[in-house]
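Remarks on the structure that follows.
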Amino acid sequence: MGRLKVTKTTSTGKNIRFKDVKTGRYMDIRTAVKAVKNGTYKGYHTRDTKSGTIIASNPDSSVINNLG
């Protein structure tokens, strides 16, 4: 299972709040993006989109570890 869980999305479906399920820490998108970029959360990467930077699970054959 992935370590990040989405706790809030916008009306358009963009993930904007996350919870670290291991530590219980809640984060906004900016804090979570910084943590992914600095390597705190292995198994995730960031993507730049028209609506800003997003977090995505690294691709593999499992659907269990996707953000959700």
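The values are calculated or read from the model by the stated rules, or taken from the named source; none is laboratory data. Predicted model, so just to flag it, every value in this text is computed and none were measured. Backbone-built Cβ (ideal geometry, glycine too); neighbour counts: all protein chains shown.
So the values come out like this:
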{"quantity": "Test result for residue 12, loosely packed, with under 13 Cβ neighbours inside 10 Å, modelled with pLDDT of 95 or more and more than 9 Å from the chain's Cα centre (by Cα)", "calculated": "no"}
{"quantity": "Residue match in segment 10-20 (condition: in a loop (DSSP other than H, G, I, E, B) and touching a residue at least 60 places away in the same chain (Cβ under 8 Å))", "calculated": "no"}
{"quantity": "Checking residue 1 against (1) at pLDDT below 95; (2) surrounded by 12 or more Cβ atoms within 10 Å (Cβ to Cβ); (3) not acidic (Asp, Glu), the condition it does not meet", "calculated": "(2)"}
{"quantity": "Of residues in segment 24-51 being surrounded by 11 or more Cβ atoms within 10 Å (Cβ to Cβ) and in a loop (DSSP other than H, G, I, E, B), the one modelled with the lowest pLDDT", "calculated": "43"}
